[in-house]
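Take a look at the structure set out below.
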Amino acid sequence: MFQNTDVSTFSLGDILTERVENTGDFSNYGAYGDLTYDMGDRWTFSAGLRYSHDEKDFTWLIPDTTNPVLGGNIIFTPVTDPKFEASESWSKVTGRALAKYQISDNAMTYLSYSTGYKSGGYDSLSVFTATDPLDPEETTSYEWGIKGDFFDNSLRTQFSLFRLDVDDKAVSKDSLLPGTSSAVPTLVGGDETIDGVEITIDWLVTDELKLGLVTTARESEETLESFFDSVGVLIPSATTDGDTDTEYTVTLDLSLIHI
């Protein structure tokens with residue numbers, strides 16, 4: 001992987017171009033196993049495990065820019081000889097468990113638990129992550145739901161409640177670090193919890209007419225680590241709440257021709 005980021009600014013009519021060159025070599029290895037067990041006619045249990053191993057080599061090269069007025073870089077601290085190099089590896093075991101119960105021939109309910117993982121890494125614009133890499137992002141998910149056909153199969157419904165916990169989520173913020181003169185996009189770590197509900201309904205009103213509804217609503221709570229904002233003010237760690245507007249999708253299918 002090769003990345004070249006240019007940032008151009010103007011000083012007294014002169015163009016100042018600063019450049020960050022990154023190279024990366026990433027490898028991932030994984031193994032996964034899953035099994036399903038039927039206990040009687042109604043209960044089904046599934047479980048699986050995955051082992052992941054990631055290796056990352058990364059470099060930063062920030063050439064010094066000579067400017068007739070400023071005499072050098074104003075955004076990125078020069079890193080030319082030797083260029084910054086970093087190497088790190090991460091490993092994680094994740095998994096899932098699922099229980100399903102057949103309420104009737106046409107309806108079932110389920111409960112699931114799963115964990116996820118995304119390896120740590122480096123901020124392409126921040127050489128500080130060479131010695132302090134970004135932490136892996138880990139998730140934990142819970143979901144309960146019902147699926148089935150009701151009223152002589154004229155009404156098909158899917159309903160689910162879920163929670164998603166995200167640890168060490170990386171959020172991009174424009175940050176002016178002490179001793180620097182310009183703010184640059186910087187990845188800030190944080191945790192987030194999302195609670196939500198999803199509903200899907202298909203109603204066969206007649207043989208010719210079918211109505212559909214899909215809706216979802218979510219609430220979130222996010223806690224970010226302390227960081228310097230775009231003007232250099234230290235923002236302490238804080239928790240914020242948010243929610244999404246309830247979304248609806250309504251469909252209508254009308255068939256006037258029978259074959």
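Please treat every number below as a calculation from the coordinates, not as lab data. Please read all numbers here as calculations on a predicted model, not as lab measurements. We place every Cβ from the backbone using ideal geometry, glycine too, and count neighbours over all the protein chains shown.
What pairs can you find where one residue is in region 228-255 and at positive phi, the other is among the aliphatic types (A, V, I, L, M), and their Cβ atoms are less than 6 Å apart, with a gap of 6+ or different chains?
That search, which allows pairs on different chains as well, returns GLY232/LEU176.
Out of the residues in region 191-211 that are among the aliphatic types (A, V, I, L, M) and more than 23 Å from THR244 (Cα to Cα), which is surrounded by the most Cβ atoms within 10 Å (Cβ to Cβ)?
Looking at the filtered set, the residue picked out is LEU204.
With SER91, SER46 as the choices, which residue is part of a strand (DSSP E or B), of a type outside the set (Lys, Arg) and touching a His at 6+ places or on another chain (Cβ under 6 Å)?
That would be SER91, the only listed residue that is part of a strand (DSSP E or B), of a type outside the set (Lys, Arg) and touching a His at 6+ places or on another chain (Cβ under 6 Å).
Within the bounds of region 158-179, is there any residue that is part of a loop (DSSP other than H, G, I, E, B) and surrounded by 14 or more Cβ atoms within 10 Å (Cβ to Cβ)? Even if it seems obvious, please write down each step before you answer.
The initial filter retains those residues of region 158-179 that are part of a loop (DSSP other than H, G, I, E, B), namely 176-179.
Subset that is surrounded by 14 or more Cβ atoms within 10 Å (Cβ to Cβ): 176-177.
Scanning region 158-179, I find at least one residue that is part of a loop (DSSP other than H, G, I, E, B) and surrounded by 14 or more Cβ atoms within 10 Å (Cβ to Cβ), so the answer is yes.
Restrict the check to region 94-104 and report whether at least one residue is without any contact (Cβ under 8 Å) to a residue 60 or more places away in the chain and under 27 Å from LEU176 (Cα atoms).
No: zero hits.
Surrounded by 16 or more Cβ atoms within 10 Å (Cβ to Cβ), in contact with a Phe, Trp or Tyr (Cβ under 8 Å, 6 or more places away or on another chain) and assigned to a strand (DSSP E or B), is that true of VAL214? Full working, then the answer.
Working: surrounded by 16 or more Cβ atoms within 10 Å (Cβ to Cβ): no; in contact with a Phe, Trp or Tyr (Cβ under 8 Å, 6 or more places away or on another chain): yes; assigned to a strand (DSSP E or B): yes.
No; evaluated as a whole, the condition is false for this residue.
Tell me, please, whether a residue that is surrounded by 13 or more Cβ atoms within 10 Å (Cβ to Cβ) and under 30 Å from PHE151 (Cα atoms) can be found in region 236-248.
No.
Return the total of residues in region 111-152 being out of contact with any strand residue (DSSP E or B) (no Cβ under 8 Å at 6 or more places or on another chain), assigned to a loop (DSSP other than H, G, I, E, B) and on the phi < 0 side of the Ramachandran plot. If you could, list the steps in order and put the result at the bottom.
Kept after step one, since they are out of contact with any strand residue (DSSP E or B) (no Cβ under 8 Å at 6 or more places or on another chain), are these residues of region 111-152: 128, 132, 151-152.
If we keep only those that are assigned to a loop (DSSP other than H, G, I, E, B) too, we end up with 132, 151-152.
With the extra rule that they be on the phi < 0 side of the Ramachandran plot, the set shrinks to 132.
So the answer is 1.
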